[in-house]
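The values are calculated or read from the model by the stated rules, or taken from the named source; none is laboratory data. In this text the structure is predicted, and so the values were computed from the model without any measurement. For neighbour counting, all protein chains shown are included, and Cβ atoms are generated from backbone atoms with ideal geometry for every residue, glycine included. The protein model used for the area step is the full one, side chains on, heavy atoms only, and it has no ligands, DNA or RNA in it. Shrake-Rupley method; radii C 1.70, N 1.55, O 1.52, S 1.80 Å.
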Amino acid sequence: QVQLQESGGGSVQAGDSLRLSCTMTTLVCGSYGLGWFRQAPGKEREFVASINRDGGSIKYADSVESRFTISRDNDKKTLYLQMNKINSEDTTVYYCATDRNTMTATLSDPDYWGEGSQVTVSS
């Protein structure tokens with residue numbers, strides 16, 4: 001069984017920083033590509049960032065590049081998303097996911113998802 005669980009969400013003011021974490025319950029989960037997505041009610045799911053198995057290849061959405069940093073610690077089986085210069089557009093639920101079909105940073109069809117972590121940004 002592959003399980004992912006996000007943590008670190010909360011309420012922040014615009015311009016502040018926040019770090020999300022995603023822990024995985026199995027070792028095999030850490031052997032594949034991982035990513036962060038976000039989705040607001042009534043909106044389509046949006047890609048945020050992704051990373052390959054060893055952290056050597058990273059992708060970012062244009063909206064977060066230069067502000068967010070994705071990283072992983074395979075020994076701790078944890079995925080991170082460092083969010084800097086947060087703005088109101090970042091207010092939504094964030095999900096971590098893995099795609100067992102790839103070891104790269106391109107997650108075409110993630111098959112395991114976390115429950116989500118709410119990030120609320122105030123002015």
Original post:
Restricted to segment 112-123, and to residues that are part of a loop (DSSP other than H, G, I, E, B) and open to solvent by 80 Å² or more (accessible area, probe 1.4 Å), which residue is nearest to A14 (Cα to Cα)?
Top reply: S123
Subject >> Given (1) polar (S, T, N, Q); (2) more than 19 Å from L18 (Cβ to Cβ); (3) surrounded by fewer than 14 Cβ atoms within 10 Å (Cβ to Cβ), index of the condition S88 fails >> reply: (2)
Subject >> Residue tally, condition closer than 14 Å to A49 by Cα, loosely packed, with under 15 Cβ neighbours inside 10 Å and touching a residue at least 60 places away in the same chain (Cβ under 8 Å), over segment 95-111 >> reply: 1
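Here's the yes/no breakdown for (1) over 10 Å from the mean Cα position of the chain (by Cα); (2) under 17 Å from D111 (Cα atoms):
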site	(1), (2)
Q5	yes, yes
G9	yes, no
V12	yes, no
T26	yes, yes
Q39	yes, yes
V48	no, yes
V64	yes, no
Y95	no, yes
Original post:
With segment 1-56 as the region, which strands (runs of 3 or more DSSP E) entirely inside it contain at least 2 residues that are in contact with a Phe, Trp or Tyr (Cβ under 8 Å, 6 or more places away or on another chain) and crowded, with 21+ Cβ neighbours inside 10 Å?
Top reply: 4-7, 18-24, 33-39, 46-51
Original post:
Right, S71: on the phi < 0 side of the Ramachandran plot, touching a Ser or Thr at 6+ places or on another chain (Cβ under 7 Å), part of a strand (DSSP E or B) and open to solvent by 10 Å² or more (accessible area, probe 1.4 Å) or not?
Top reply: no
Original post:
What single numbered condition from (1) in a strand (DSSP E or B); (2) open to solvent by less than 70 Å² (accessible area, probe 1.4 Å) fails to hold for K59?
Top reply: (2)
Original post:
Looking at L81, is it more than 19 Å from V121 (Cα to Cα) and either surrounded by 17 or more Cβ atoms within 10 Å (Cβ to Cβ) or over 15 Å from the mean Cα position of the chain (by Cα) (or both)?
Top reply: no
